[in-house]
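Have a look at the structure below, then the notes.
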Amino acid sequence: MTRRQHRRDEPVRWAKTDEIAASIVEDNSVVRLQCKAVGFPCPVYHWYKDDELMENATGCTVDVVRCKCSSELTFRCVVTNEVEDGHVYSEFYRKPGKEYSSRITSQTISLAPFVGEEYRCENCRNGNLESLREIMASMNNSSDEKAPVPPAPERDDEQLVAADKVALIISNCMYQHLPKLVTPHCDAETLATALQDLKYKTVTLADLTLAEMKFVIKEYKKLLGNGVYGTDEHILANIFEFISAFVEYAEPFKIKHRPNRNTVYGYSTSGGVGAYEIKGEMNGVFMKYLKTHLHQPVSVIQMINDTLRDIEGDEKVCDVQVPELRSTLTRPRSLTDPLVWDGHTVSFDHHTIHWRLMHELPNPVHVRFDELALTVTIWFDFCGHFTNKVYVFSSVGDLVDDTTEEFEDRRLSEKALSHIAYLSFPPELDASKERLVSDDDEGVSLCLLLSHLQRSKGELRCTILLRSTVDQEVVATREVGIGHVLITRIEMLK
């Protein structure tokens, strides 16, 4: 009879002489604490900040934002291992008299040696302001005593971080009293590409009505997260209004203005003054110069001012387009600020899931026409970074037995090659003229651009018109559902 071999349980012990080590990472903005232990079963890590257990800190490392207020914090790590009950091997390890669990605690470490006076977050600055208020109050309450002159608030270069980065981009090419514009969609694509490079979650929409704009802004706020947007000092919540599509104002711009902190309004032109696109250029004037500054590690204010200065130096438009900048930004926020979501994991994951739901394409749809021994395949592709536009393809193939011929290399029959599948969508959607894509092996595929997806009442449906290329006769029709596409997961107009 073979005896089962069991690995000997080993109490946890430190793998290195230094129980807890600290290092500075990510452009000197983060202090990383690390503990390394070994044992069997595998060690489990528990981090404590000022003797309070840190949620979601269960790895061998933990990152702390490097700022002056962190210098007052202390950290320690508790490592445990235990043979859990309920497994086939548990009885062997958990016999009476046997040690089946162990625990070690690291020494306590302070961050004071790793943070200098020059590193200050918003809480640090608020502390300085509170001290200033106390001094001013003492001056008002004592007319005989001369209060000391408070030192000027320090304006050093602090390391700012973002708990999340999101961007809503809307481009309109059609207005009631204007000819159709060319560059707004290109401007939106340029901006979305640059912001995604900077780790932004972008939602890019084209040609919305006013009602649709109001609704999508409401949905956009869900990406910011309730509570986090209003209370978290580390979230990068700079909201831009790059109105590069407006060529003229039919009437003065009216809005119920509610002041908000940390907000920047960058207008491509001022009220009553035009914004222009130059024939033959891909971008409008404002985006032409803005895109060269988007990746610069400078404050948003400086980025827009640099753009305004470039436009001022353009002799073609300097006298007719006057950009405008308004800001309530109190700190030098930048689009390039690092993304650090420690302590905001739940909200960050919520934002990510919500964003991904609006950027999912359905699987290809296969529709059988048994009476013709043909099948139609419908599939999709992104139109750049747009969330309410999609390319739709359709192709005709032979109806085969998937169980026996799935991997067989077959050429299309003459019958399949002599048919084209046209797609008809509901009138609230805008479908472009079809474009034929030919291939000797795959036959002819039909491609169209489907726009205004935000107007769909749920999942998309379409009608397949199977047409013969010989006499252009429609030989079969079929209405099918093709699922949710991008932003159709959000019911926009109720």
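The values are calculated or read from the model by the stated rules, or taken from the named source; none is laboratory data. Note that the structure is a prediction, hence the values are computed from the model and not measured. A quick note on method: Cβ atoms are made from the backbone with ideal geometry, for glycine too, and the neighbour counts reach across all protein chains shown.
From the residues in the stretch 385-405 that are surrounded by fewer than 13 Cβ atoms within 10 Å (Cβ to Cβ) and not in a loop (DSSP other than H, G, I, E, B), which one is modelled with the highest pLDDT? So the residue we want is Asp402.
Determine whether the stretch 377-384 contains at least one residue that is part of a loop (DSSP other than H, G, I, E, B), under 39 Å from the mean Cα position of the chain (by Cα) and at pLDDT 80 or above.
Quick first cut of the stretch 377-384, residues part of a loop (DSSP other than H, G, I, E, B) only: 383-384.
With under 39 Å from the mean Cα position of the chain (by Cα) added as a condition, the list becomes 383-384.
Imposing the further condition that a residue be at pLDDT 80 or above reduces the set to 383-384.
Yes, that holds for at least one residue.
Find the strands (runs of 3 or more DSSP E) located wholly in the stretch 416-494 whose residues include 2 or more that are exposed (fewer than 12 other Cβ atoms within 10 Å of the Cβ) and at pLDDT 85 or above, and list them.
Numbers: elements: 419-424, 435-439, 443-451, 460-468, 474-483.
Correct list: 474-483.
Exactly one of (1) crowded, with 19+ Cβ neighbours inside 10 Å; (2) modelled with pLDDT of 80 or more is unmet by Met213. Its number? So Met213 meets the others, but not (1). All told, Ala21 falls short of being at pLDDT 85 or above and buried (at least 16 other Cβ atoms within 10 Å of the Cβ). For the stretch 42-95, which positions are among the hydrophobic types (A, V, I, L, M, F, W, C) and part of a helix (DSSP H, G or I)? Within the stretch 42-95, Cys69, Phe92 meet the criteria. Quick one: in the stretch 36-71, which of the residues that are closer than 18 Å to Glu10 by Cα and hydrophobic (A, V, I, L, M, F, W, C) is surrounded by the fewest Cβ atoms within 10 Å (Cβ to Cβ)? Within the stretch 36-71, the match that is surrounded by the fewest Cβ atoms within 10 Å (Cβ to Cβ) is Cys42. Considering the conditions (1) surrounded by 19 or more Cβ atoms within 10 Å (Cβ to Cβ); (2) at pLDDT below 80; (3) assigned by TED's automatic domain parsing to the domain that holds Gly280, Val161 is excluded by exactly one of them, (3).
Considering the stretch 291-340, and only residues there that are basic (Lys, Arg) and in contact with a Ser or Thr (Cβ under 7 Å, 6 or more places away or on another chain), the residue that is modelled with the lowest pLDDT turns out to be Arg333. Applying the criterion of being modelled with pLDDT under 75 and under 30 Å from His293 (Cα atoms) to the residues of the stretch 348-367, the residue that is surrounded by the most Cβ atoms within 10 Å (Cβ to Cβ) is His351.
I'd like to know if the stretch 175-186 contains one or more residues that are within 12 Å of the chain's Cα centre (by Cα), buried (at least 21 other Cβ atoms within 10 Å of the Cβ) and assigned by TED's automatic domain parsing to the domain that holds His293. Outline the logic, then answer.
First pass over the stretch 175-186, keeping only residues within 12 Å of the chain's Cα centre (by Cα): none.
Taking every residue of the stretch 175-186 in turn, none turns out to be within 12 Å of the chain's Cα centre (by Cα), buried (at least 21 other Cβ atoms within 10 Å of the Cβ) and assigned by TED's automatic domain parsing to the domain that holds His293.
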